[in-house]
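No value in this document is a laboratory result; all are computed from the given coordinates. Remember, predicted model here, so these are calculated numbers, not experimental data. All Cβ positions, glycine included, derive from the backbone under ideal geometry; neighbour counts span all protein chains shown.
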Amino acid sequence: MRQSQYPFSTRKEAPKDETSQNAQLLIRAGFIDKLMAGVYTFLPLGLRVLRKIEAIIREEMEAVGGQEILMPALQPKSNWEATERWEKLDSLFRFTSYYTHNEYALGPTHEEVVTPLVAKLNLSYKDLPFALFQIQNKFRDEPRAKSGILRGREFVMKDLYSFHATEEDLDRYYEEVKKAYHRIFKRIGIGAQTHLTFASGGTFSQYSHEFQTIAGEGEDTIFLCAKCDVAVNKEISGEIPKCPVCNTEHLEIHKAIEVGNIFKLKTKYSHPFSLTYQDNKGDKQEVTMGCYGIGPSRLVGTVVEAFHDEKGMQWPQSVAPYTIHLLRIGEGDALNKYAEEVYNGLSEKGIEVLYDDRALGAGEKFADADLIGIPWRAVISEKTIEKKEIELKARNEKEPTFCSQEKIISHINK
């Protein structure tokens, strides 16, 4: 993409009503725009990051047998009354239709939709297990939307639901999804900072599980066991607990961001919606369920919180909007021609390039490149074209290297 054609320019100053690093940097760099508190528009650069994160999640969910669907965000009151959550769930957006006078909710989660959906299938034990997932906008009436896109009133969520004949089979699949989540976070680039965390909220057990990414401005506090690489959320106990795996008391305190959670629902939602299957004796049994959530839009903000410096963002290559930020420094026919040649050559080879072809000074272009944070910066100037070279520098490195156009791809793939 030619940067001269990108209508959303960068800003020098951070928005005064945003205190979180993720919102400040993403807004300044032209990745998102704030519509109102807790609600943001993803602009082209930000949407490219979001879609890459979604693609990684989708691949891993399909790898564990998940089949993708898309459920309605608009949900009837009756389904929420069946689970007794219409009045109990504080964050539920509720409203009444002007025309029908019926009451509805905007979905913060989808147990009240997916369970009655599956209940229509008249399942046999031979049909189980299976899993359904979606990636969709969710809505929560947060009393105080904060932390940029880490905690919004509208956000993107991936939720996977699994359906089993036995608790043993649920346990087996639960472990499969745990491994898939670790793969997801590793591929996104935050695997080293993300830890399986014991938390409260288990439906029929002492714990549920979260995945927490260590970040200085995280909303949660976790106690991390360096030996087992698992953590405990402070919400379980204000005092430093023992490691639930190895029982050590030597745990490190960190601020962290919750990026995923998994629950064994068992029959909590099957029962109110009469979700049953016929066993091998012809008797009806309640289906056992699990649910597994990841927030793709929250992950965009989490990556920013984990990887930035005083100049701007530092995107991991797997989710960066582009791989190379090509900067043309100066003007002139020879310079313009060579820059076009490099841009077209890289694009034809499948390299994603953001080409800064704007008529701006070097300082402004370098500042924008650091703010936007694309993994590689390639500079073409009068100095470099004399030797038919390109100045190439990784965003997280100080010193550049010089190489030919032909060697750029091999260099960035080292």
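Per-structure values
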| item | result |
| --- | --- |
| Efficiency of FRET from Cβ geometry, residue 357 and residue 311, R₀ 30 Å, rounded to 0.05 | 0.85 |
| Relative contact order of the stretch 324-412, pairs being alpha-carbon contacts under 8 Å that are 6 or more residues apart, as % | 31 percent |
| Alpha-carbon centroids, the stretch 152-188 and the stretch 323-366: separation in whole Å | 42 Å |
| For peptides 330-337, 318-325, 80-87, 220-227, sequence by mean Cβ density within 10 Å, most packed first | 318-325, 220-227, 80-87, 330-337 |
| Dipole magnitude (debye, nearest 20) for the stretch 266-414, charges at Cβ of Lys, Arg, Asp, Glu | 660 debye |
| Under 5 Å, built H, 5+ apart or other chain: amide partners of residue 92 | 141 |
| Counted charge near residue 236, where neighbours are those whose Cβ lies closer than 13 Å (Asp, Glu -1; Lys, Arg +1) | -2 |
| Relative contact order [Cα under 8 Å, 6+ residues apart], the chain, whole percent | 16 percent |
| Ascending count of other beta-carbon atoms within 10 Å, so fewest first, for 307, 130, 95 | 95, 130, 307 |
| Entries of 186/407; 16/311; 179/255; 179/264; 146/255 with Cα pairs more than 21 Å apart | 186/407; 179/255 |
| Cα shape, the stretch 97-190, gyration tensor, a/c 1.5 rule | oblate |
| Part-to-part distance (alpha-carbon centres) for the stretch 213-251 and the stretch 27-102, which is given in Å | 30 Å |
| Extreme residue, positive dipole direction of the stretch 1-108, given options 38, 21, 83 (C-beta unit charges) | 21 |
| Paramagnetic reach from residue 394 (point 7 Å along Cα→Cβ, amide N under 17 Å) across the stretch 346-386 | 370, 373-379 |
| 222 nm mean residue ellipticity, helices alone, for the chain (DSSP H n ≥ 4; -39,500 (n - 2.57); rounded to 500) | -8000 deg cm²/dmol |
| Qualifying trypsin sites (Lys or Arg not before Pro) for the stretch 112-171 [loop in DSSP, other Cβ within 10 Å: at most 13] | 120, 144 |
| Matching label, log10 I(q)/I(0) by the Debye sum over Cα atoms at q = 0.08, 0.10, 0.11, 0.14 Å⁻¹ computed from the structure shown, candidates (i) -0.42, -0.66, -0.80, -1.28; (ii) -0.66, -0.89, -1.00, -1.27; (iii) -0.53, -0.77, -0.90, -1.25 | (iii) |
| Of the GluC sites (Glu not before Pro) in the stretch 240-279, those whose Cβ has at most 15 other Cβ within 10 Å and which sit in DSSP loop | 249 |
